[in-house]
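What follows is a single structure, written as structure tokens, with notes after it.
The values are calculated or read from the model by the stated rules, or taken from the named source; none is laboratory data. Being a predicted model, the structure only gives us computed values, none of them experimental. Cβ sites come from the backbone with ideal geometry, for glycine too, and all protein chains shown count toward neighbours.
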Amino acid sequence: MERSTIQKQTILNYLKGVKTHPSADVIFTAVRKKLPTISRGTVYRVLDSLLNKKEIIEVSKEPARFDADTSPHAHFVCQECGKIYDVFDKNISLINKRTKVGKVKNCQIYLYGQCRNCGN
């Protein structure tokens with residue numbers, strides 16, 4: 001059993017407290033305010049560990065962005081400002097069940113467009 005470290009708990013608490021889907025660099029900067037001696041490498045290792053244990057999800061690549069909400073939901077990506085928003089809809093949880101070809105273990109749905117803050 002892997003022990004829970006102060007670094008892991010601080011990173012997980014940070015992710016659970018934000019809705020912005022931060023990158024590893026943003027997480028590092030924020031967590032460093034509480035743990036000044038934490039290294040960037042430690043943040044990356046902790047994020048990998050949390051991903052492997054399915055305690056968080058990776059929302060996008062290039063740069064990777066993270067979400068501590070692992071419940072069934074979609075993500076809306078604004079193509080203007082790049083912000084990512086959670087989208088909760090009862091129909092999304094229906095997808096996370098079983099299909100004719102097999103049992104669904106994971107599902108990520110992305111919606112792309114322009115957010116309200118950017119216009120339309």
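Would you mention how many residues in the range 58-81 are of a type in the set (D, E, K, R) and over 17 Å from Y14 (Cα atoms)? Spell out how you get there, then give the answer.
Within the range 58-81, the first condition is being of a type in the set (D, E, K, R), and the residues that meet it are 58, 61-62, 65, 67, 69, 80.
From what is left, the residues that are over 17 Å from Y14 (Cα atoms) are 61-62, 80.
Adding up the residues that qualify gives 3.
For residues in the range 72-120 being within 22 Å of E58 (Cβ to Cβ) and among the basic types (K, R), which is modelled with the lowest pLDDT?
That would be K105.
Residues F66, F28: which one is part of a strand (DSSP E or B) and modelled with pLDDT of 95 or more? Spell out how you get there, then give the answer.
Numbers: F28 fails: part of a strand (DSSP E or B).
Just a single option satisfies the conditions, and that option is F66.
Which of the residues belonging to the range 37-57 are outside any helix (DSSP H, G or I) and more than 15 Å from Y14 (Cα to Cα)? Give the steps one after another, and end with the answer.
The initial filter retains those residues of the range 37-57 that are outside any helix (DSSP H, G or I), namely 37-39, 53-57.
The answer is T37, S39, K53, K54.
Based on what the data block shows, is I57 under 11 Å from the mean Cα position of the chain (by Cα) and over 16 Å from Q7 (Cβ atoms)?
On the way: under 11 Å from the mean Cα position of the chain (by Cα): yes; over 16 Å from Q7 (Cβ atoms): yes.
Taking the combined requirement at face value, the residue satisfies it.
For the range 53-72, which positions are closer than 13 Å to N106 by Cβ, without any contact (Cβ under 8 Å) to a residue 24 or more places away in the chain and of a type outside the set (D, E)?
Across the range 53-72, the qualifying residues are K54, T70, S71.
Only one of (1) touching a residue at least 12 places away in the same chain (Cβ under 8 Å); (2) in contact with a helix residue (DSSP H, G or I) (Cβ under 9 Å, 6 or more places away or on another chain); (3) surrounded by 14 or more Cβ atoms within 10 Å (Cβ to Cβ) fails for R32. Which number is that?
(1)
Quick check on the range 7-23. Is at least one of its residues more than 22 Å from C107 (Cβ to Cβ) and in contact with a Pro (Cβ under 9 Å, 6 or more places away or on another chain)?
Yes; the residues of the range 7-23 include at least one that is more than 22 Å from C107 (Cβ to Cβ) and in contact with a Pro (Cβ under 9 Å, 6 or more places away or on another chain).
Just to be sure before I move on: is I92 touching a residue at least 60 places away in the same chain (Cβ under 8 Å) and surrounded by 14 or more Cβ atoms within 10 Å (Cβ to Cβ) in the structure I sent?
Details: touching a residue at least 60 places away in the same chain (Cβ under 8 Å): no; surrounded by 14 or more Cβ atoms within 10 Å (Cβ to Cβ): yes.
When the stated conditions are applied, I92 does not pass them.
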